[in-house]
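The values are calculated or read from the model by the stated rules, or taken from the named source; none is laboratory data. Computed from a predicted model, the values in this text were never measured in an experiment. No Cβ is skipped: glycine too gets one built from the backbone with ideal geometry, and neighbour counts run over all protein chains shown. In case anyone asks, the SASA skips ligands and DNA or RNA and just uses the protein heavy atoms, side chains included. Shrake-Rupley method; radii C 1.70, N 1.55, O 1.52, S 1.80 Å.
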Amino acid sequence: MHIRLVATTAAVAGALTALTAVPAQAAEYSSALKIRGIQYDAPGRDSNRCSTGNTDEEYLTIENYSRSTTVNLKGYVVKDAAGNKFTFTASHTLQPGDYVKLRGGNGSDSDTKNVVYRDNCNFMWNNDKDTIYVYKPSGSRADVHSYTRSGSDKDGNGYITYHG
């Protein structure tokens, strides 16, 4: 009888450990900046023509979740799984709680309108699935997000439900 109790206790403890384990893909990074959402499928028919296209309707929203730290985006890098990347080359300051939309296409960057343009009319994010990485100027990872059209965008608004 005692042997069964020990074996049962060990099995329950193992099950509880498995339930509380954090998945490897859900690692947290030591950064105030996190990806808040993404509009990966621009409304309408995709057209990457600079004059008449809709790449400016594809955007990534990055937020400063710190309560006290201001972050300058200069030197931060955003990449996707295919290696497409954008580097913030100009100073763009995010106060605590502030955000920026990184848009495709061309336009005027604006701190007051919370927008930075990639100055590239090609689409960056896949419409079905992708993984997006944000790197600090030091090269360390600030955040990572993966999405799938069916798995992470249930309401169709382009916002991710998984935070890495």
Residue 84: closer than 23 Å to residue 149 by Cα and modelled with pLDDT under 90, yes or no? no
Within the stretch 95-130, how many residues turn out to be in a strand (DSSP E or B) and either in contact with a Phe, Trp or Tyr (Cβ under 7 Å, 6 or more places away or on another chain) or open to solvent by less than 30 Å² (accessible area, probe 1.4 Å) (or both)? 10
Which one of these does residue 62 not meet: (1) over 13 Å from the mean Cα position of the chain (by Cα); (2) open to solvent by less than 30 Å² (accessible area, probe 1.4 Å)? (1)
Residue count, the stretch 67-94, condition surrounded by fewer than 17 Cβ atoms within 10 Å (Cβ to Cβ) and assigned to a loop (DSSP other than H, G, I, E, B), comes to 12
Let me spell it out: the conditions are (1) touching a helix residue (DSSP H, G or I) at 6+ places or on another chain (Cβ under 7 Å); (2) in contact (Cβ under 8 Å) with a residue 24 or more places away in the chain; (3) not hydroxyl-bearing (Ser, Thr, Tyr), and residue 43 meets all of them except one. Which number is the exception? (2)
